[in-house]
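Since the structure comes first, as structure tokens, the remarks are kept for the end.
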Amino acid sequence: MSIFKAIAHPIRRRVLQLLRDGPLTAGELAGAFAVSKPTMSKHFALLREAGLVSVEKQGRELVYQLETSVLEEALAAFAESVGLTEPTTNEEVST
């Protein structure tokens, strides 16, 4: 799944916002939304598939953490593709 498809849904964007302050358990994240646990599991899976979050099992808890480098790379590529920044390679841009 592409990163942009993963962040297209408001719940997944909010999960990423919540993780900016640090790792959270699946239960803590799910508690922030009025949706079922299976629905949240699907959102978590899509975020993991896109590489935007990582998960670590700590005892009986699943702890999610934001993978900022993946998100930063995607945003930089997007900004470059729409002309907001200069290309990051040494290649000349032809006009």
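The values are calculated or read from the model by the stated rules, or taken from the named source; none is laboratory data. Given the structure is predicted, the values throughout are model-derived calculations rather than measurements. Glycine also receives a Cβ, built like all others from the backbone with ideal geometry; neighbour counts cover every protein chain displayed.
Mind counting the residues in region 1-45 that are within 18 Å of Leu75 (Cα to Cα) and hydrophobic (A, V, I, L, M, F, W, C)? Let's see the steps before the verdict.
Keep residues of region 1-45 that are within 18 Å of Leu75 (Cα to Cα), which gives 1-10, 12-17, 19-20.
Applying the additional criterion that residues be hydrophobic (A, V, I, L, M, F, W, C) yields 1, 3-4, 6-8, 15-16, 19.
Adding up the residues that qualify gives 9.
Just wondering, is there one or more residues in region 24-44 that are in contact (Cβ under 8 Å) with a residue 40 or more places away in the chain and aliphatic (A, V, I, L, M)? Before you say what the answer is, go through the steps one by one.
So the first thing to find is which residues in region 24-44 are in contact (Cβ under 8 Å) with a residue 40 or more places away in the chain, and the list is 24.
When the remaining residues are screened for being aliphatic (A, V, I, L, M), the result is 24.
There is at least one residue in region 24-44 that is in contact (Cβ under 8 Å) with a residue 40 or more places away in the chain and aliphatic (A, V, I, L, M).
Helices (runs of 4 or more DSSP H) wholly in region 7-95 with at least 2 residues that are at pLDDT 95 or above and surrounded by 13 or more Cβ atoms within 10 Å (Cβ to Cβ) - which ones? Spell out how you get there, then give the answer.
On the way: elements: 10-19, 26-30, 37-49, 68-81.
Hits in region 7-95: 10-19, 26-30, 37-49.
In this structure, does Glu49 turn out to be of a type in the set (Asp, Glu) and out of contact with any helix residue (DSSP H, G or I) (no Cβ under 9 Å at 6 or more places or on another chain)?
Against the criterion (of a type in the set (Asp, Glu) and out of contact with any helix residue (DSSP H, G or I) (no Cβ under 9 Å at 6 or more places or on another chain)), Glu49 does not qualify.
Yes/no matrix, rows are residues, columns are (1) more than 17 Å from Phe4 (Cβ to Cβ); (2) not basic (Lys, Arg):
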| residue | (1), (2) |
| --- | --- |
| Val15 | no, yes |
| Arg20 | yes, no |
| Pro23 | yes, yes |
| His43 | no, yes |
| Glu49 | no, yes |
| Leu52 | no, yes |
| Glu56 | yes, yes |
| Val63 | yes, yes |
| Val70 | no, yes |
